[in-house]
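The block underneath contains the structure these notes are about, expressed in structure tokens.
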Amino acid sequence: MRFQFSDKPLSFQEQVEKVLNNEGGFSDHKDDKGGMTNFGISQRSYPLVDIRNLTREQAIEIYYRDYWVKYKVEMLPHHLQGAFFDMAVNHGGRRAVKILQESANNRNKKQIAVDGFIGKQTAKAVERLEVDRLIAFRCLFFAKIVLNNETQMKFWVGWFRRCVEGI
């Protein structure tokens with residue numbers, strides 16, 4: 001499976017619209033490990049935020065500050081930015097970076113530390129990383145969650161779809 005993406009970079013606003021579409025609105029599913037969420041912002045990650053009354057604009061501010069900027073999305077090649085940003089939102093930034101680093105190590109002879117931080121070595125290691133390899137490692141991450149906790153099986157098909165869309 002090969003994913004086709006434009007070489008033209010999408011802006012933060014274009015990327016966040018895709019993420020917001022994936023995340024949806026308010027949810028309080030008993031088996032969701034994040035607890036109560038709104039626009040994908042979880043009570044577990046943001047205990048001081050009024051999740052129930054969170055506005056779309058507030059969610060976008062959080063995504064920009066705590067995901068786009070903090071995890072240096074713009075340091076990555078354009079073709080990886082969308083999938084990585086969605087991963088950071090969905091899995092948490094450090095986990096997303098580790099998945100990115102693991103996929104780079106799978107491709108490259110020179111291995112980098114899988115430490116959850118984007119710096120010069122990671123940026124260099126992912127220069128020629130194929131987006132489908134990154135997506136395969138993301139799907140593997142989802143599969144491990146489901147295999148290790150059967151209560152999460154109900155989320156599997158949605159996670160898989162989100163994964164292979166590769167935004």
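Sub-7 Å Cβ pairs linking a first residue in region 1-29 that is modelled with pLDDT under 85 to a second residue that is open to solvent by 80 Å² or more (accessible area, probe 1.4 Å), at least 6 apart or interchain, are Asp7/His78; Pro9/His78, ordered by first then second residue. Within this structure, Pro9 passes the test of being open to solvent by less than 60 Å² (accessible area, probe 1.4 Å) and assigned to a loop (DSSP other than H, G, I, E, B). Pairs are defined by a Cβ separation below 8 Å, a sequence spacing of at least 6 or placement on different chains, a first member in region 121-142 that is touching a residue at least 60 places away in the same chain (Cβ under 8 Å), and a second member that is in a helix (DSSP H, G or I) and open to solvent by less than 20 Å² (accessible area, probe 1.4 Å); the pairs so defined are Val131/Leu80; Val131/Ala83; Ile135/Ala83; Ile135/Cys163.
The combined condition, being under 21 Å from Cys163 (Cα atoms), modelled with pLDDT under 95 and part of a helix (DSSP H, G or I), is fulfilled by Val89. Pairs linking a residue in region 60-86 that is under 17 Å from Gln101 (Cα atoms) to a residue that is open to solvent by 10 Å² or more (accessible area, probe 1.4 Å) and among the hydroxyl-bearing types (Ser, Thr, Tyr), with Cβ atoms under 7 Å and 6 or more positions apart or on different chains, are Phe85/Tyr67. Whenever a residue of region 151-162 is more than 13 Å from Lys33 (Cα to Cα), its partners that are assigned to a helix (DSSP H, G or I) and at pLDDT below 85, lying with C-beta atoms within less than 6 angstrom and at least six residues away or across chains, give the pairs Arg162/Asn22.
Among the conditions (1) open to solvent by 20 Å² or more (accessible area, probe 1.4 Å); (2) closer than 16 Å to Phe84 by Cβ; (3) outside any helix (DSSP H, G or I); (4) not aliphatic (A, V, I, L, M), Asn106 misses just one, which is (3). Determine whether region 116-132 contains at least one residue that is farther than 24 Å from Lys30 by Cβ, out of contact with any His (no Cβ under 7 Å at 6 or more places or on another chain), open to solvent by 40 Å² or more (accessible area, probe 1.4 Å) and of a type in the set (A, V, I, L, M, F, W, C). Yes, region 116-132 contains at least one residue that is farther than 24 Å from Lys30 by Cβ, out of contact with any His (no Cβ under 7 Å at 6 or more places or on another chain), open to solvent by 40 Å² or more (accessible area, probe 1.4 Å) and of a type in the set (A, V, I, L, M, F, W, C). The residues of region 133-167 that are basic (Lys, Arg), at pLDDT 90 or above and open to solvent by 50 Å² or more (accessible area, probe 1.4 Å), listed by number, are Arg133, Lys144.
Within region 27-83, count every residue that is in a loop (DSSP other than H, G, I, E, B), aliphatic (A, V, I, L, M) and surrounded by fewer than 18 Cβ atoms within 10 Å (Cβ to Cβ). Looking only at that region, the number is 3.
The values are calculated or read from the model by the stated rules, or taken from the named source; none is laboratory data. What you are looking at is a predicted structure, and each value in this text was computed from that prediction instead of being measured. Cβ sites come from the backbone with ideal geometry, for glycine too, and all protein chains shown count toward neighbours. Remember, those area values only see protein heavy atoms, side chains included, never the ligands or the DNA or RNA. Shrake-Rupley method; radii C 1.70, N 1.55, O 1.52, S 1.80 Å.
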